[in-house]
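This report refers to the structure that appears directly beneath it.
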Amino acid sequence: MTQDVCILPSAPNFRDLGGLRTESGRTVRGGLLYRSDALHALTEEDLPVYQGLGIRQLIDLRTPFERQISPNLLPEGAEYAAVAVQKTEAEGANFSRTLRDPNKAREIFANGGAERYMYGVYHGLTTAPEAHDGYRELVERAAEGPTAVVFHCSAGKDRTGWGAAVLLSLLGVDQKTIVADYLRSNTRQANTDRWLKALSERGGLQWEDVAPMTRVRAEYLQTAFTNVDRTYGSFDEYVSSALKLSNATVEALRERLLD
């Protein structure tokens with residue numbers, strides 16, 4: 001289940017989180033929990049595969065602007081939920097719109113700004129109230145909503161990456177395994193590269209200026225985990241005091257998703 005197979009070539013970062021092992025020796029069940037990049041441009045060849053996965057819930061972590069310009073293709077019979085993990089005006093939200101403004105793009109992303117921007121994104125995903133509410137809803141939907149479920153953003157690497165890290169941590173997967181899965185996104189960014197190259201050219205930026213935003217780094221995710229420990233004292237405290245997840249929800253998640 002965890003082998004690097006591209007299920008949907010037109011959404012290359014779509015993948016099953018099944019098969020990952022927990023520290024207690026259990027295994028995440030396959031075919032129930034998928035993570036993905038944007039799902040608006042699936043090809044005719046991929047659509048039958050997508051429809052055949054039995055997805056009954058799609059959780060969209062994108063901003064209203066992203067959803068408006070690239071509406072999802074929804075699996076037949078699936079529930080759709082737009083779940084915000086960022087304020088529309090927050091750092092890290094709608095950067096594709098920012099790249100359309102050459103002056104703003106150069107101000108934020110040039111001269112090493114893109115790397116600082118990425119660290120800011122992960123800080124916000126672990127501390128902002130909107131992120132707390134959104135990731136709580138993601139976990140609750142994965143635990144209690146119809147399955148199978150797919151959750152996604154645009155590139156499927158940062159907002160989705162932290163969502164996967166939260167879910168897998170709650171299931172008992174160790175941090176080393178979580179980081180390894182997170183880094184798999186780096187070989188699956190063909191779509192991201194295409195639209196970011198077009199946007200960066202429009203914004204008057206060199207590719208080197210935006211490159212830090214096109215890939216994940218272990219340091220980005222480690223910053224998120226470190227920030228959780230620094231801010232809340234531990235991941236467990238983050239879950240209880242920031243995400244405000246009940247023990248019953250966490251147990252339901254494990255019961256549903258673990259063999």
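Taken over segment 173-193, the criterion of being β-branched (Val, Ile, Thr), more than 16 Å from Arg159 (Cβ to Cβ) and at pLDDT below 95 is satisfied by Thr187 alone. Just name the residue that is surrounded by the most Cβ atoms within 10 Å (Cβ to Cβ) out of those in segment 5-35 that are touching a helix residue (DSSP H, G or I) at 6+ places or on another chain (Cβ under 7 Å) and either over 22 Å from Ser169 (Cβ atoms) or among the small types (Gly, Ala, Ser) (or both). Only one residue fits best here, namely Leu8. In segment 194-207, which residue that is surrounded by 15 or more Cβ atoms within 10 Å (Cβ to Cβ) and in a helix (DSSP H, G or I) is modelled with the highest pLDDT? Among residues in segment 194-207 that are surrounded by 15 or more Cβ atoms within 10 Å (Cβ to Cβ) and in a helix (DSSP H, G or I), the one modelled with the highest pLDDT is Leu196. Restricting to segment 115-154, give me the number of residues that are within 17 Å of Asn13 (Cα to Cα) and open to solvent by 10 Å² or more (accessible area, probe 1.4 Å). Counting residues in segment 115-154 that are within 17 Å of Asn13 (Cα to Cα) and open to solvent by 10 Å² or more (accessible area, probe 1.4 Å) gives 1. Which number in (1) open to solvent by 10 Å² or more (accessible area, probe 1.4 Å); (2) among the polar types (S, T, N, Q); (3) touching a Ser or Thr at 6+ places or on another chain (Cβ under 8 Å) marks the one condition that Thr160 misses? Of the numbered conditions (1) open to solvent by 10 Å² or more (accessible area, probe 1.4 Å); (2) among the polar types (S, T, N, Q); (3) touching a Ser or Thr at 6+ places or on another chain (Cβ under 8 Å), the odd one out for Thr160 is (1). Within segment 176-193, the set of residues being without any contact (Cβ under 8 Å) to a residue 12 or more places away in the chain and open to solvent by less than 80 Å² (accessible area, probe 1.4 Å) comprises just one member, Ala180. Across segment 242-259, the number of residues qualifying as assigned to a helix (DSSP H, G or I) and surrounded by 13 or more Cβ atoms within 10 Å (Cβ to Cβ) comes to 8.
The values are calculated or read from the model by the stated rules, or taken from the named source; none is laboratory data. Predicted model only: the values in this text are computed from it and were never measured. Ideal geometry is used to build each Cβ from the backbone, glycine not excepted, and the neighbour counts take in all protein chains shown. Side chains included, ligands, DNA and RNA excluded: accessible areas come from the protein's heavy atoms. Shrake-Rupley method; radii C 1.70, N 1.55, O 1.52, S 1.80 Å.
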